[in-house]
Amino acid sequence: MTMLALLPSIASAADANETFAQALKPLATASFQEKQQVIAAIAATRHPNARPVLSALLEGNLHTRDADQRIFIVTEGEEGLALTDPLMLQAAGSAPADEFTKITTNNQLRKALRGLIAGFDLSDPDAEVRLAAVSEMLRTLDEDGVLILRQRVAEESDSKVRSAIETGLALADLDNEDAAVRLAAAVRLEDSLSPDVYNRLKELTGRGDDGAFNEPDDQVRAAAAATVRNIDNWRSIYGGVETLFFGLSLGSVLVLAAIGLAITFGVMGVINMAHGELIMLGAYTTYVMQLLMPSHIGASVVVAIPMAFLVAGTVGILIERGVVRFLYGRPLETLLATFGVSLILQQIVRDIFTANNRPVETPAWMAGSWQINEALSITYNRLYVILFTAVVFTVLLIVLKKTTLGLKVRAVAQNRAMAKSMGVRTEWVDALTFGLGSGIAGVAGVALSQLTNVGPNLGQQYIIDSFMVVVFGGVANLWGTLIGGMSLGVINKVLEPFAGAVLAKILVLIALILFIQRRPRGLFPQKGRAAEG
Amino acid sequence: MNNRRRVRGLAGLAAAISFIAASAAQAADTIKVGVLHSLSGTMAISETTLKDTVLMMIEQQNKKGGVLGKKLEAVVVDPASNWPLFAEKAEQLLVKDKVAVVFGCWTSVSRKSVLPVFEKNNGLLFYPVQYEGEESSKNVFYTGAAPNQQAIPAVDYLMKDIGVKRWVLAGTDYVYPRTTNKILEAYLKAKGVKQEDILINYTPFGHSDWQSIVADIKKFGSAGKKTAVVSTINGDANVPFYKELGNQKISAEDIPVVAFSVGEEELSGIDTKPLVGHLAAWNYFESISTPVNKSFIKEWHAYTKNPKRVTNDPMEAHVIGFNMWVKAVEKAKTIDVAKVTDAMIGIEVPNMTGGTAKMLANHHLTKPVFIGEIRADGQFDVVWKTEGLVPGDAWSDYLPGSKDIEADWVTLKCGNYNTKTKKCSGQNYE
């Protein structure tokens, strides 16, 4: 009895396999345009193996055997390619790689593939996967996709996923012949901020080439116009938030690069032209740490922070002991000597690592962005840099205000002779202060390695900006550096959309020159007796 | 001074004794080939490769017995990425070393700086890099792509195959991107693209803070029409640009970026993850599998003793240029510049992608155009190519000023001939 019942299902399974094999076959020879239809046909079989085959194609793991044009899913093994038969999903031995040709995809194919694969993921037990699948499908929604979504919406238990599906369906409903359905859809889309919704509704409110409204029904048009206005409002608010964030992030980079200089230049009065190269050393330390721990990229960046501090700090102390200490009180000579040091450091790096930029990988937790809503997202790497700047700033403030070293540093900066007569070893304090400022520059290098190119010229890009921030903020004032850097960043980013990147930079520089003319001692000038020193 | 001369004389004597007279005479009778590429400074990364390419070609030619029975001798100078120094070194090559031909330059500004030197001294320059066009000198052969052999076909591909309706033209602020974008803008408008669908953006050299620009591109691209970025962004600024695109979740599937300055060499040594799927337009890719290309890559690895050294488009241009020069010299049976220049026109040599490069009367080549998608390993998958070969056009047909200008060194004997006024205005590079 059971045997008899099973028979038809076996027969239909064989049939399904046959259709699947037929659908798969043309993939070996199809052009990119033909492949679009082939993959749609493969998905339409709803065969259990369709999803693994399509995702293998997406990842470039679907190959044809040159000898007989048979298609295999392959994985790279130690001896050539390990083959998997796409029909049975069973291992089919291994073979040398040069007997196979990869079935190539292009951007449009990959986009279509993601949409088709998402169709299979709609029934995944994980709500996150389903949500991702729905938003993937909305990117490439066609009639088949709408059908799949309609079936799914009733079964969907998770409210977020259901709401996403309903948005997609409402978008599709805007094309419905029944005005009532269209109105319901327009109302349904009221709270959406998605650009797709915006574009679609904006189109509805406009007039066609013949002068008639694209949407004949007044009520639907009114609802659409209201939503468009709503989205416009929110967009301009979020646009402002975004610009502010961009400004703060540019500002935090400036602060990070300048804060070490605020100590060496601001507190000690040494014009250190090699400051940029100390930043560069920090960035190269990150690269070396990644080479040393290739399987832990994320951890390597964290480890690189203290390492960069040590490396740059040590080099800083060497510069101070070897060059700067002979030149205290002679700023012009210090400037020239440290400029020479900067050239030497650049050349050393060029000789060790070559003149080419080095690839520093971004750990997974720093890539991508945090999608707050459809109109606003914040990139993680920038967010981390802002937080990192805050931490470095706080630590530095505590070191200077609360520790014995900080006390001595401030004492020496205020009155060297008096500090010396009180038993402070000023030479030792000078070296450590310089080392601290240099170490912080190295730490800045770790952050910059995630944002820009790591090459021998990295430091040169930041040295001018660093001096600018320190002078603008007011020499010898950490708070001045913080506020100076942040305001320069925000001003730059506010100007950029109107003036363009090149002009914005020029405008900021001109404004800065005018400002320094009015207030030569910067935003937060030193007051009282310290100012005379 | 006297002493030194005497020493040199002695050395010469010693040489004469140790070698037989015939071979010494032959050694003095070589054909000198100048190599004018920066070996230090910012351009060294790209140009050193080209110097090595020319040296390899000379070595191979000498193994085949040289040219006209004489060995070739390379004279390598280093203009150090310094534009005025290019002119000085060119003068040295032509006047002091009396080279028969020079292979050199990368940036347009270095070419502009040596042009007067080559014309004054009647030298011969092979320039191997894709450039903005609007030039044709009697003394220069342009073996790289003109805009109609790279930029225009790339835009055609995006428009016809991908259905792009909105365009971002992003570039670094200097002559090549500005001219190319001017041509592209005129071309797009001629194809019916409206002004509001074109966004043009320039950034300084080495720009690293791309947040606002990428956010602008994202906004521009979310207007419901398919959008693409045509990038003439130069060198270093590219990595932070692509990184920011990745971080703001703009994938090549939504807004593809097609670049004209990103090739195998630029991709080796950077983290290519954020670039995968984006496009580049060139006339050659290392991944194109033809027997000529395979054996060239093999020879290159053997010559550089580095199996990981990549090949790229300007290298192919130099190889084609070198082979053409050898053929022309053999045809003219002399190294006299005027005769070689005449013999060059119409010369055909195989390119490395299975076609034939032909030197045209305007001193530009016929080339195939390929669009490649960047792979994770820093190589390209070719996704599109032109049907046949595209003849290089020196003066763009899409700029109002250069539409009526023609370059023809055979019938018109002019690089800047106005077909309306019927006048040859000589060399006018603006």
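Since every read-out is calculated from the coordinates, none of them should be taken as a lab result. Remember, it's a predicted structure, so these values are computed and weren't measured experimentally. Cβ coordinates were reconstructed from backbone atoms using ideal geometry, including for glycine residues, and neighbour counts include every protein chain displayed.
Structure values in brief
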read-out: Tensor-based shape of the stretch B:109-158 (alpha-carbon gyration tensor, a/c under 1.5 rounded, otherwise prolate or oblate); value: prolate
read-out: Residues A:VAL153, B:VAL410, A:VAL446 arranged by fewest to most Cβ contacts within 10 Å; value: B:VAL410, A:VAL153, A:VAL446
read-out: Proxy reagent accessibility, fewest Cβ within 10 Å first, across B:THR421, B:THR203; value: B:THR421, B:THR203
read-out: Cα-only Debye scattering, the stretch A:321-449: base-10 log of I(q)/I(0) at q = 0.13, 0.19 Å⁻¹; value: -0.82, -1.17
read-out: Interchain or long-range residues, amide H under 5 Å from B:LYS32's placed H; value: B:GLU73, B:ALA100
read-out: Cleavage-rule hits, trypsin sites (Lys or Arg not before Pro), the stretch B:265-318, DSSP coil, Cβ neighbours within 10 Å at most 13; value: B:LYS305, B:LYS308
read-out: Per-residue average of Cβ from other chains inside 10 Å of A:92-102; value: 0
read-out: Using θ = phi - 60° and Karplus 6.51 cos²θ - 1.76 cosθ + 1.60, couplings along the stretch B:355-364 (whole Hz; Gly, Pro as x); value: x, 10, 9, 10, 7, 8, 5, 8, 6, 10
read-out: Against the rule of thumb 2.2 N^0.38 Å, how large the Cα Rg of the stretch A:14-108 comes out; value: 1.02
read-out: All aspartates and glutamates inside 18 Å of B:LYS219 as judged from Cα atoms, apart from same-chain residues fewer than 8 positions distant; value: A:ASP196, A:GLU203, A:ASP232, A:GLU242, A:GLU374, A:GLU496, B:GLU196, B:ASP197, B:ASP209, B:GLU244, B:GLU253, B:ASP254
read-out: Under-5 Å amide H pairs with B:ALA259, H placed in peptide plane, nonlocal only; value: B:SER231, B:LEU279, B:ALA280, B:ALA281
read-out: For the protein assembly as shown, alpha-carbon Rg and Dmax in angstrom; value: 32.6, 116
read-out: Other-chain or far-sequence residues with amide H under 5 Å of A:SER94's (modelled H); value: A:LEU83
read-out: DSSP-loop GluC sites (Glu not before Pro) across the stretch B:358-423, with at most 14 other Cβ within 10 angstrom; value: B:GLU387
read-out: If the convex hull is drawn through the Cα atoms of the stretch A:188-335, its volume per residue in Å³; value: 212
read-out: Listed peptides B:345-354, B:97-106 by packing density, highest first (mean Cβ within 10 Å); value: B:97-106, B:345-354
read-out: Share of Cα-Cα pairs in chain A lying beyond 29 Å, as whole percent; value: 67
read-out: All Cα pairs of the stretch B:196-269, percent lying beyond 17 Å; value: 42
read-out: Under Karplus coefficients 6.51, -1.76 and 1.60, residue-wise ³J(HN,Hα) of the stretch B:249-262 in Hz, glycine/proline x; value: 6, 9, 9, 4, 6, 8, 10, x, 10, 10, 10, 10, 10, 10
read-out: For the stretch B:415-421, Karplus couplings with θ = phi - 60° (6.51, -1.76, 1.60), whole Hz, Gly/Pro x; value: x, 8, 9, 8, 6, 7, 8
read-out: Among A:THR404, A:SER466, A:GLN347 the positive-end extreme of the charge dipole of the stretch A:328-467 (Cβ point charges); value: A:THR404
read-out: Largest to smallest principal axis extent of the C-alpha atoms in the stretch A:122-216, angstrom; value: 49, 24, 23
read-out: Leading residue at positive end of dipole, the protein assembly as shown (Cβ point charges), from A:VAL391, A:VAL424, A:ALA308; value: A:VAL424
read-out: For chain B, the fraction of alpha-carbon pairs in successive 20 Å shells from zero, as %; value: 25, 55, 17, 3, 0
read-out: Cα-based reach from B:LYS423 at 30 Å (exclusive), listing lysines while leaving out same-chain residues under 8 positions away; value: B:LYS112, B:LYS120, B:LYS138, B:LYS182, B:LYS189, B:LYS339, B:LYS358, B:LYS367, B:LYS403, B:LYS413
read-out: Partnerless cysteines, meaning none of the other Cys C-beta atoms lie under 4.7 Å away, in chain B; value: B:CYS105
read-out: Aspartates and glutamates whose Cα lies under 15 Å from that of B:LYS422, excluding same-chain neighbours fewer than 8 positions away; value: B:ASP404, B:GLU406, B:ASP408
read-out: Taking chain A and dividing mean pair separation by its residue count, relative contact order in percent (alpha carbons under 8 Å, at least six apart); value: 15
read-out: Ranked B:HIS278, B:HIS301, criterion: other C-beta atoms within 10 Å, fewest first; value: B:HIS301, B:HIS278
